[in-house]
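Chemist: Encoded as structure tokens, here's the structure I'll be asking about.
The values are calculated or read from the model by the stated rules, or taken from the named source; none is laboratory data. Here the structure is a predicted model, which means the values were calculated and not measured. No Cβ is skipped: glycine too gets one built from the backbone with ideal geometry, and neighbour counts run over all protein chains shown. These accessible areas exclude ligands, DNA and RNA; they are computed on the full protein's heavy atoms, side chains included. Shrake-Rupley method; radii C 1.70, N 1.55, O 1.52, S 1.80 Å.
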Amino acid sequence: MKIPRSWLRDFVESALAPEDLAHRLTMAGLEAEKIEHVGSDWAKIYVGSVQRVERHPNADRLVLAEIDAGEHRLTVVTGAPNIAPGQKVALALAGARLIDGHAEGRQYTTLKPGVIRGVRSEGMVCSEKELGLSEEHAGILVLEPEAPVGQPLSAWLGDTVIEFEITPNLVHAFSVLGIAREAAALTGAPLNAPPTADLSPAGNEVLVRVDAPDLCRRYAGVVIEGVNVGPSPAWLTRRLTAAGLRPVNNIVDITNYVMLEWGQPLHAFDHTRLREGRIVVRRAAPGETIETLDHQGRELSSDMLVIADAERAVAIAGVMGGVDSEVDDATTTILLESANFDMKSVRRTARTLKLRTDASARFERGLDPNLVVDAAARATRLILDLCPGSRVTEVRDVYPVPVLPSDLTLPFTEIERLLGVRYEAATVLDVLTRLGFAPALHGEGDRATLRVTVPTYRQDVTLPADVVEEVARVVGYEALPETLPAGRAVPIRRDPMHRLQAAARGVLTAAGFDETITYVTVSEAMLGALAPAEGAAGFVHQAPLADLLRLRNPLQSDRALLRPTLLPALAEIAASNLKHEPGVRLFELARVYLPRGRDTLPREPSVAALVTAGRREPVSRFGTEGEMDFFDLKGALEALLSGLGVRDPRFEQTQHAALHPGRAAALCVGDQRLALLGELRPDIADRLDLGVRRVAVAEIDLDALLNHLNRTPAEVRVPRFLPVQQDFAVVVAEETPAADVERALQAGAGALATGISLFDIYRGPQLGEGRKSLAYRVTFTAPDRALTDTELDKVRGRIAKVLAQRVDGALRA
């Protein structure tokens, strides 16, 4: 909401600078977002008087105007059609910065003297657009007759506009008068009410009828005859433009002006266009239509409130008027509407019709019904002033249940209890009085009671604590004492599972995996593809299919079971991605739901699921291209365990109905199984419509994994001496696990081995039937010396002995 400072001065005089006033209001809860100084860039622009206007000797559409601006008297060439002798105008001298009136947007240019059709022009008479006041450029800006000749234009027209962000609960401040009340309370300056008309004498019982009093608490109609519809005076258009509204004509502009000034929306009907000359406030008939002022036909429903005449709807209550009763240049008699509509009804109507207006924005916040007649009286006074000869002929105010001020009572000590500071009684009473409240103090000392009568426009003050807040914000929040809190802060305990998932997410993302989020429900068909046995479901966790929890009203009718495993939905996402990607690496961290019996909530362990399928990237763990397989997934799992600090993990061969024999393993730590991984059987991959033959999956029990994390961060030291790498090709039996070979290598090398990695597997006739060769790269590092060939030969010998003893292995030459 934009508030011109000059408009605010009509209500309250303050010696504070605009920036200081904006700060005081902001600290009191009315946030001033922006301050704009209108006229700050009007250097070398003065108020001038048009002395003489002559035709241009060399151009039919140009004239020569002699302008007197005090110390500056010059002739300018202009094509303005509305310039005439005796006018007061804005004269810009050479060097003034103006907005280019012929360009789109605001493009500034510096005025230079020039010769136009053989006549030298030393300045320019300005339009509103060239001054930045509006987009009007059809003619020059004509100032009021009392504008002082020779005065800088900024001194006459300059202003400061403060833009406020008014929250929905502060509807009492959503107007110039509302901001003025706050400014008066904060500065102690008196509040000056604007002049209004007396609407008491003329009454007409049939002028207005309210058939929906639940949606319209008050409706006032004023009939004014003898109006002359035309352009508004300059002061009115400038204020509307500064506040962000476009001038239309004097009648419409007055209704908008009073809406901004008082916060009460108004509407003017052409009284002669109303059938039988009366108003009926009713609900719309089903399917009833109306053409609104934006020339859009709109169909209404029975829960919408309309303003109608004796036959048809002529306006949508609180939103927008209709074309059929619009005020135009031929209008001579108007019916001025000022009403209070139900906030919920207006909000619902505006949203349904997708038609939000300045009026609906105010009604939606809940207005004070007692504003209705005051705003109508103010608008009537302005119309009578601007339309000499006009008169009020009929007035009707329908207000069946008046809203009265409310009373709040609180112990005076409540102020000190809530704020932690004691205020003198005189200070509290003065603050509340300046705010428009009616306070009274009963009793003395600690037993004193404060009784406050709250005005009806302060609908945000409903509790004793609200009264205390009013005192605090007007006195100043900065006056409250600064006291450090006593006691000890509650120690922060981060959820261990959240930390584990965050760490796992980081490791898997770094390993090239993408995270997915799937629905918590699955179908029996999805579970059947990965079933561990007949009538069972799950993967790392298993449960009877018949015992799974079934939703009564699922989002997808074919997916009614709460998932016992993440893999079916993850495989579905993988199949979708493989249609346009050569390979996928996906993971999900979420809960599964395991039954615990009838009428009992399920157990909800956290698990991690991984899927790899498709082509391997050129840069991979083995350094070769091809299809991803069991070992790609196992490598990612090893990286995850290493990143989480899991000690002594091992992989053991296992079996599962959905996994390929010989390509399935269980991850164990101690005697506890933490995960299940392997390649899906080709027929299972086909049933899941994955489109590739080799699909590796894994599911990890994060609850179990949480008990095996290394709580102490691993110590990382940079070696002083260069490491040495050697390759070992170990021939073992086909059934010997690679993990056993790796442990034997570590035992033989001892503490000097700081890294062991498998990089090749070979099978061939020269090795013998049932034998394989595992190639490892071992990194040796000594913390205190550079390793010599002699030392490494001894270590190689120990490794050969340990391999022979533990895994019946031999080193290939």
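Chemist: Could you tell me which of rounded, prolate or oblate describes segment 140-239, using a ≥ b ≥ c as the square roots of the eigenvalues of the alpha-carbon gyration tensor, with rounded for a/c under 1.5 and, failing that, prolate when a/b is larger than b/c and oblate otherwise?
Modeler: It comes out oblate by the Cα gyration axes.
Chemist: Could you point to the label whose value was computed as Cα extents along the principal axes in Å for the structure here, given [x] 89, 76, 44; [y] 120, 77, 65; [z] 94, 66, 49?
Modeler: Computed from the coordinates, Cα extents along the principal axes in Å corresponds to [y].
Chemist: State, to one decimal in nm, how far the label point of residue 786 lies from the label point of residue 727, with both points 7 Å from Cα in the Cβ direction.
Modeler: 2.5
Chemist: Return the whole-Å distance between the Cα centroid of segment 405-456 and the Cα centroid of segment 9-63.
Modeler: Result: 42 Å between the Cα centres.
Chemist: Let me ask another. Not counting ligands, DNA or RNA, and with a 1.4 Å probe, what is residue 785's accessible surface area in Å² rounded to the nearest 10?
Modeler: Around 90 Å² of this residue is reachable by solvent.
Chemist: Moving on. Sorting 601, 441 by accessible area (1.4 Å probe), largest first, what list results?
Modeler: Largest to smallest exposure gives the sequence 601, 441.
Chemist: Sticking with this one: Relative contact order of the chain: what whole-number percent is it, with Cα pairs under 8 angstrom and at least 6 residues apart? If you can, show how the numbers build up before the last one.
Modeler: Details: 1613 pairs, mean separation 63.9, N = 813.
Relative contact order comes out at 8 percent.
Chemist: Still on this structure, please answer the following. For 652, 71, 276, give me the order by solvent-accessible area with a 1.4 Å probe, most accessible first, ignoring ligands, DNA and RNA.
Modeler: 71, 276, 652
Chemist: Figure the gain on full extension for residue 759 and residue 212 (residue separation times 0.36 nm, minus the Cα-Cα span) and round it to one decimal in nm.
Modeler: Contour length minus the Cα-Cα distance gives 188.5 nm.
Chemist: Let me ask something else about it. Give me D for segment 373-417 in µm² s⁻¹, whole number, from Stokes-Einstein with Rh from the Kirkwood sum over alpha-carbon pairs, 4 °C and 1.567 mPa s. Show your work: numbers first, answer last.
Modeler: Numbers: Rh = 14.9 Å.
It diffuses with D of about 87 µm²/s by this estimate.
Chemist: Over 14 Å, how big is the tail of the calculated P(r) for segment 232-309, in percent of all Cα pairs?
Modeler: 71
Chemist: Please compute, for the alpha-carbon atoms of segment 387-445, the extent along each of the three principal axes and give them in descending order in Å.
Modeler: Reported extents, whole Å, longest axis first: 59, 30, 20.
Chemist: Solvent-accessible area of residue 1, probe 1.4 Å, all protein chains present, reported in Å² to the nearest ten, please.
Modeler: About 40 Å², rounded to the nearest 10.
Chemist: Quick one: Cα centre-to-centre distance for segment 86-115 and segment 692-756, in angstrom?
Modeler: Centre-to-centre distance over Cα atoms comes out at 80 Å.
Chemist: Provide 519, 399, 108, 219 ordered by accessible surface of protein heavy atoms (probe 1.4 Å), highest first.
Modeler: Output order, biggest surface exposure first: 519, 108, 399, 219.
Chemist: If a paramagnetic tag sat 7 Å from the Cα of residue 303 along the Cα-Cβ line, which residues of segment 332-355 would have the backbone N under 19 Å from that point?
Modeler: Residues passing the 19 Å test: 341-355.
Chemist: Here's something else I'd like to know. Obtain the nm distance between the two label points defined at residue 478 and residue 751 by a simple spin-label model: each point lies 7 Å from its Cα along the Cα-to-C-beta direction.
Modeler: Output for this residue pair reads 6.6 nm.
Chemist: Roughly how much of residue 289 is accessible, in Å² to the nearest 10, using a 1.4 Å probe?
Modeler: About 90 Å², ignoring ligands and nucleic acids.
Chemist: So for the chain: antiparallel DSSP bridges make up what percent, rounded to the nearest 5?
Modeler: 95
Chemist: Would you list the membrane-span-like helices of the chain, meaning whole DSSP H runs whose alpha-carbon atoms span at least 24 Å along their axis and whose mean Kyte-Doolittle value is at least -0.5?
Modeler: For the chain, where a helix must reach 24 Å along its axis and average at least -0.5, the hits are 789-807.
Chemist: Let me ask something else. Rounded to two decimals, what is the ratio between the C-alpha radius of gyration of segment 69-189 and 2.2 N^0.38 Å?
Modeler: 1.41
Chemist: Also, quick follow-up: I need the calculated FRET efficiency for the pair residue 416 and residue 356, taking r as the beta carbon distance and R₀ as 41 Å, to the nearest 0.05.
Modeler: 0.40
Chemist: Provide the percentage of antiparallel DSSP beta bridges, counting only those with both residues in segment 515-660; round to the nearest 5.
Modeler: 95
Chemist: Can you classify segment 25-135 as rounded, prolate or oblate using the Cα gyration tensor, where a ≥ b ≥ c are the square roots of its eigenvalues, rounded means a/c under 1.5, and otherwise it's prolate if a/b beats b/c and oblate if not?
Modeler: prolate
Chemist: A 29 angstrom limit on the alpha carbon distance is what I want to check against. Which of 129/354; 2/129; 2/44 exceed it?
Modeler: Listed pairs above 29 Å: 129/354.
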